[in-house]
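Some notes on the structure that comes next.
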Amino acid sequence: MNFNNLDQLYRSVIMDHYKNPRNKGKLDNGSLTVDMNNPTCGDRIHLTFDIVDGIIEDAKFDGEGCSISMSSASMMTEAVKGHSLKEALEMSQEFSKMMLGEDYELTEDMGDIEALQGVSQFPARIKCATLAWKALEKGTVEREGQADTDSEENAK
């Protein structure tokens with residue numbers, strides 16, 4: 001497949017996730033909720049995760065933004081389902097490497113995410129693509145901090 005065909009395929013995947021987002025909405029009883037925005041362009045994201053026994057059972061997103069940020073959120077919520085928070089963070093790290101043009105390793109279960117690789121050539125759009133992933137990282141850190149606090153309280 002030549003570069004133009006590959007570029008066209010990636011564009012169609014991105015637009016499909018934008019026009020037909022997967023996991024759009026909110027979970028009523030999510031165990032992890034995160035909000036984040038990109039003040040540069042106004043994109044905003046609301047993530048909700050249902051985590052059972054350390055595994056992401058369900059993931060939803062809501063928000064407003066460009067096709068890159070919304071399709072990335074759609075892809076991310078698909079990719080992390082069925083994985084632990086640690087695995088989801090590892091996915092996020094690999095995604096960040098891809099966005100920065102570094103060597104990266106995506107697993108097969110990360111779905112359509114590689115379609116966003118071309119965004120790395122447009123520095124102003126990288127924040128759009130990484131918004132949902134950064135929100136995932138923020139939520140995980142906050143959850144781990146809360147777990148540490150709970151453990152300390154229980155130890156007293």
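The values are calculated or read from the model by the stated rules, or taken from the named source; none is laboratory data. Small disclaimer: the values here were computed from a predicted structure and weren't measured. Backbone-built Cβ (ideal geometry, glycine too); neighbour counts: all protein chains shown.
A single member of S69, S12 is of a type in the set (G, A, S) and farther than 15 Å from K134 by Cβ, and it is S12.
Suppose the filter is more than 15 Å from A129 (Cα to Cα), surrounded by fewer than 19 Cβ atoms within 10 Å (Cβ to Cβ) and modelled with pLDDT of 95 or more; does G25 pass it? Yes; evaluated as a whole, the condition is true for this residue. Within region 39-51, does at least one residue satisfy the condition of being part of a loop (DSSP other than H, G, I, E, B) and touching a Cys at 6+ places or on another chain (Cβ under 7 Å)? Yes: region 39-51 contains one or more residues that are part of a loop (DSSP other than H, G, I, E, B) and touching a Cys at 6+ places or on another chain (Cβ under 7 Å). For the residues S12, S71, the requirement of being in a helix (DSSP H, G or I) and either on the phi > 0 side of the Ramachandran plot or touching a Leu at 6+ places or on another chain (Cβ under 8 Å) (or both) singles out S71. Within region 52-82, being surrounded by fewer than 21 Cβ atoms within 10 Å (Cβ to Cβ) and in contact (Cβ under 8 Å) with a residue 60 or more places away in the chain holds for one residue alone: C66.
For every residue, the table says whether it meets (1) assigned to a strand (DSSP E or B); (2) touching a strand residue (DSSP E or B) at 6+ places or on another chain (Cβ under 9 Å); (3) at positive phi.
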{"position": "K26", "(1), (2), (3)": "no, yes, no"}
{"position": "K60", "(1), (2), (3)": "yes, yes, no"}
{"position": "G63", "(1), (2), (3)": "yes, yes, yes"}
{"position": "G82", "(1), (2), (3)": "no, yes, yes"}
{"position": "S92", "(1), (2), (3)": "no, no, no"}
{"position": "L116", "(1), (2), (3)": "no, no, no"}
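Restricting region 35-51 to residues that are β-branched (V, I, T) and within 12 Å of the chain's Cα centre (by Cα) leaves a set whose member that is surrounded by the most Cβ atoms within 10 Å (Cβ to Cβ) is I45.
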